[in-house]
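Working notes, beginning with the structure itself.
The values are calculated or read from the model by the stated rules, or taken from the named source; none is laboratory data. For clarity, every value in this text was computed on a predicted model and none was experimentally measured. Positions of Cβ are generated from backbone atoms using ideal geometry, with glycine treated the same way; all protein chains shown enter the neighbour counts.
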Amino acid sequence: MAIKVRNKDRLFQALRKSVPAVDAELRTALAKAGDQFVNTAARLVPVDEGDLRESIQWKPTKATAENGSRSPAIVIQAGADKPGDEAFYVRFVEFGTPSSPKQPFFFPAYRLMRRKIRGMLSRAMGKAIKKSGLGK
């Protein structure tokens, strides 16, 4: 089966033109989504001294050739990177131990926010595509 595309050069030119706009809109939407996720998780986390709550953060990832990604992305993390840091115990709180019950906060925040975040990203892409002139 063959498909004939009229004005394909114009279509490809418009697609290439829309990539920077989509990238910029996605970066903005991801930053907003990261902030909202961090706020939601911080409201759900059990607080003793506040170290764990303060450790919840997001940061942009570095797009590298190794992971094959050139699109914007973020990483959301809670707890510390090393056992010597203040909030190394995040997994013990989230999943529990034999001597203490689990007190999940990260995955419940994810389940609360995932549909909203998907919608935010979809709207950002649609907005960028319309701005570039493809979605008339």
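Summary of values
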quantity	calculated
Condition broken by Pro98, with the remaining ones in (1) modelled with pLDDT of 90 or more; (2) part of a helix (DSSP H, G or I) satisfied	(2)
Candidate set: segment 25-54, residues that are in contact (Cβ under 8 Å) with a residue 24 or more places away in the chain and part of a loop (DSSP other than H, G, I, E, B); chosen: the one nearest to Ala78 (Cα to Cα)	Val45
Pick from segment 84-95, criterion at pLDDT below 90 and surrounded by 14 or more Cβ atoms within 10 Å (Cβ to Cβ), ranking: nearest to the chain's Cα centre (by Cα)	Val90
Among the residues listed as Gly68, Gly126, the single one being outside any loop (DSSP other than H, G, I, E, B), at pLDDT below 90 and closer than 30 Å to Pro20 by Cβ	Gly126
Any pair with Cβ under 6 angstrom, 6 or more apart, that starts in segment 64-78 at a residue that is within 22 Å of Ala124 (Cβ to Cβ) and ends at one that is at pLDDT 55 or above and part of a loop (DSSP other than H, G, I, E, B)	Ser69/Ala63; Arg70/Ala63; Ala73/Thr61; Val75/Thr61
Residue among Leu112, Leu52 that is of a type in the set (A, V, I, L, M, F, W, C) and modelled with pLDDT of 95 or more	Leu112
Test: Gln57 is under 30 Å from Ala24 (Cα atoms), surrounded by 12 or more Cβ atoms within 10 Å (Cβ to Cβ), of a type outside the set (A, V, I, L, M) and modelled with pLDDT under 90	no
Matching residues in segment 4-24 - criterion: being more than 15 Å from Gly133 (Cα to Cα) and either in contact (Cβ under 8 Å) with a residue 40 or more places away in the chain or in contact with a strand residue (DSSP E or B) (Cβ under 7 Å, 6 or more places away or on another chain) (or both)	Asp23, Ala24
Residue in segment 9-19 that is surrounded by 13 or more Cβ atoms within 10 Å (Cβ to Cβ) and modelled with pLDDT of 85 or more present	no
